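Encoded as structure tokens, the structure appears first; notes follow it.
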Amino acid sequence: MLQKVVSSFTAVLFTLCLAGSIYAEEVAGKISKVGDDGREITVKAKDGKEVTVKISGSRTTLDGVKSRSDLKEGQSVTVEHEKGEAKKVKVTK
């Protein structure tokens with residue numbers, strides 16, 4: 001009985017994790033605007049589309065910079081975001 005409960009819980013947890021990654025979008029391009037000391041950035045993709053996202057100090061993972069105040073216009077980035085909030089920002093050199 002316990003094994004069935006654990007198996008069911010694991011399956012549900014896996015499904016929820018998968019669903020979360022499906023809904024997140026990704027944009028790659030250059031930062032065209034930095035607002036509020038790095039708390040918000042606008043990324044211009046190669047196709048010309050601009051996406052503005054909020055950067056959280058606790059919920060956004062930063063890769064390639066130490067803090068959101070290090071985000072600068074012109075940097076190449078890849079941003080995973082959902083509902084206007086960045087989940088991960090990767091700065092490439």
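Key figures for this structure:
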| item | result |
| --- | --- |
| Close pairs from segment 80-93: first more than 14 Å from GLU50 (Cα to Cα) and hydroxyl-bearing (Ser, Thr, Tyr), partner in a strand (DSSP E or B) and open to solvent by less than 70 Å² (accessible area, probe 1.4 Å), Cβ under 6 Å, at least 6 apart | THR92/SER76 |
| Complete set of residues in segment 59-92 that are within 13 Å of the chain's Cα centre (by Cα) and acidic (Asp, Glu) | ASP63, GLU80, GLU82, GLU85 |
| Those residues of segment 34-70 which are at positive phi and among the small types (Gly, Ala, Ser), in sequence order | GLY38, GLY48, GLY64 |
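Listed here are the residues, each with its yes/no results for (1) open to solvent by less than 50 Å² (accessible area, probe 1.4 Å); (2) closer than 19 Å to ALA24 by Cβ.
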{"site": "ASP37", "(1), (2)": "no, no"}
{"site": "ILE41", "(1), (2)": "yes, yes"}
{"site": "LYS46", "(1), (2)": "no, no"}
{"site": "GLU50", "(1), (2)": "no, yes"}
{"site": "ILE55", "(1), (2)": "yes, yes"}
{"site": "THR61", "(1), (2)": "no, yes"}
{"site": "LYS72", "(1), (2)": "no, no"}
{"site": "GLU82", "(1), (2)": "no, yes"}
{"site": "ALA86", "(1), (2)": "yes, yes"}
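The values are calculated or read from the model by the stated rules, or taken from the named source; none is laboratory data. Keep in mind that what you see is a predicted model, and the values were worked out from it rather than measured. In this analysis, Cβ positions are derived from the backbone assuming ideal geometry, glycine residues included, and neighbour counts consider all displayed protein chains. Calculation scope for accessible area: heavy atoms of the full protein, side chains included, ligands and nucleic acids excluded. Shrake-Rupley method; radii C 1.70, N 1.55, O 1.52, S 1.80 Å.
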